[in-house]
Amino acid sequence: MRITPTVVPDVLLVEPKVFGDARGFFYESWNRRAFAAAGLDADFVQDNHSRSARGVLRGLHYQVEHAQGKLVRVIEGEVFDVAVDMRRRSPTFGRHVAVTLSADNRRMLWIPPGFAHGFLVVSDAAEFLYKTTDYWYPDFERTLLWSDPALGIDWPLAGTPTLAAKDAAGMPLAVAPTYA
């Protein structure tokens, strides 16, 4: 497995060692001992699985209390995945990481607590899995406006994305609650 820091060094790109032959492939998507040895030591409490159609944009979500770290991956299709640093004291506050995750490239992204997260489905459909370090608390969930120009995210869109009401009503970074 190879773990590489991104342009926001706390966000890590994880590329598992994949064993493949004529029968198919095998890889460990999570092994606490191996990940800890590589510098990613997390205690996951919840797994989530979503399926979305092309053009669906989910996010950018975070929790103001019970911040969640997330290890995310795609098992079908392809997404444009984004993490935004919401830690006001961080030297990378307000900056984002954007990577393509797909069933084909088998990459994963580690998004530590203190980040907003979202993704856009760029294939016909995508199944997205994420492990979280804390439970979902709807009362503490907030949404950062996906299209806020201050974020500078170049979403690979052809038209308007399909959004949930809470995502369409997200807050710009300038007024969004942040972490210390």
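Just so you know, all these numbers are worked out from the coordinates, no wet-lab data involved. Values in this document were obtained by computation on a predicted structure and should not be read as measured data. Note that we place each Cβ from the backbone using ideal geometry, even for glycine, and neighbour counts take in every protein chain shown.
Quick look at the values:
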quantity: Cβ-Cβ FRET estimate between Lys166 and Ala103, R0 fixed at 41 Å, reported to 0.05; calculated: 0.90
quantity: Full-extension gain in nm, Arg2 to Leu129, via 0.36 nm per residue minus C-alpha separation; calculated: 43.8 nm
quantity: Rounded, prolate or oblate (a/c below 1.5 giving rounded, otherwise prolate when a/b exceeds b/c) for the range 75-168 by Cα gyration tensor; calculated: rounded
quantity: Order by protection proxy (mean Cβ within 10 Å, highest first), peptides 18-29, 76-87; calculated: 76-87, 18-29
